[in-house]
Amino acid sequence: MPQLTPVRADIDHPGKPKRYSSSLRLWHWLNAVLITGSLLTVLVNSTVLKAKTATPLVISALADKKVAINDDQARSVVRNLRDQVWLWHTYIGYVVAALFLFRLILEFFQVVDQKLIHKIRKAYQQFFITKQQRELAGHEFWVKTLYAIFYLLLFITVVTGLDLAFEDRITVLRNFHFMKDIHELNMYFILVFIIIHLAGVFLAERRDKDKGIISDMINGGNN
């Protein structure tokens, strides 16, 4: 299997760099910022605001101000802070869901050679069937397949997240207790994808022929 590092060359026009529409670039960077923010809220609540560690800190901080509270009161403060962070996590999730819907719609309106399904189909045909441009086609096929898997993971995150967000308003959703476990597990798969993606981009930028992938995702691949 080829290395999972992106390449600049376009599968339809190997002598030219890939082109990225402004809509796709906007989606990419907004999605990157929002997913990072979402993961940070999880990190904050699982570390800084973890009850076992945050409760003594609250008691100590208030004691310095000559305010005495017991453990239950401190835990209540921590719980309220955690709830505020989860609220931000929910708000971010709504925007991620909207962006995911935007990405699905965008796929239908993209020019043909920029559609994900077209790139996967074209790379598959050249790599496995006609055996043309095998190195480029192999890279394109496996990398784009990885992206397709990411979209599936994103879909699972959106569906399970919306279930958790609306379970207090829609009673029937409370019956799907497994959604919380799937949502949490899926987060780790997305983290794995992010690590692979960043590592792939880093390695690609070190190759002369593929240097400039990040700038292409900013300027659209015009240079």
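The single residue among 77, 85 that is touching a helix residue (DSSP H, G or I) at 6+ places or on another chain (Cβ under 7 Å), aliphatic (A, V, I, L, M) and closer than 30 Å to residue 27 by Cβ turns out to be 85. From the list 216, 181, 168, the one residue that fits, being more than 23 Å from residue 115 (Cα to Cα), touching a Lys or Arg at 6+ places or on another chain (Cβ under 9 Å) and either assigned to a helix (DSSP H, G or I) or not hydrophobic (A, V, I, L, M, F, W, C) (or both), is 168. Could you please let me know if residue 87 is buried (at least 16 other Cβ atoms within 10 Å of the Cβ) and in a helix (DSSP H, G or I)? So residue 87 does not fit the description; no.
One residue alone among 117, 92 is β-branched (Val, Ile, Thr) and without any contact (Cβ under 8 Å) to a residue 40 or more places away in the chain, and that residue is 117. Which of the residues belonging to segment 136-179 are surrounded by fewer than 15 Cβ atoms within 10 Å (Cβ to Cβ), more than 14 Å from the chain's Cα centre (by Cα) and aliphatic (A, V, I, L, M)? 170, 172, listed by residue number. Under the condition of being crowded, with 18+ Cβ neighbours inside 10 Å, of a type in the set (S, T, N, Q) and modelled with pLDDT under 90, the residues counted in segment 1-60 number 1.
Scanning segment 96-112 finds one or more residues that are surrounded by fewer than 13 Cβ atoms within 10 Å (Cβ to Cβ), over 23 Å from the mean Cα position of the chain (by Cα) and over 20 Å from residue 191 (Cα atoms).
The values are calculated or read from the model by the stated rules, or taken from the named source; none is laboratory data. Keep in mind that this is a model prediction, so the values were computed, not measured. Note that each Cβ is placed from the backbone with ideal geometry, even for glycine, and that neighbours are counted across all protein chains shown.
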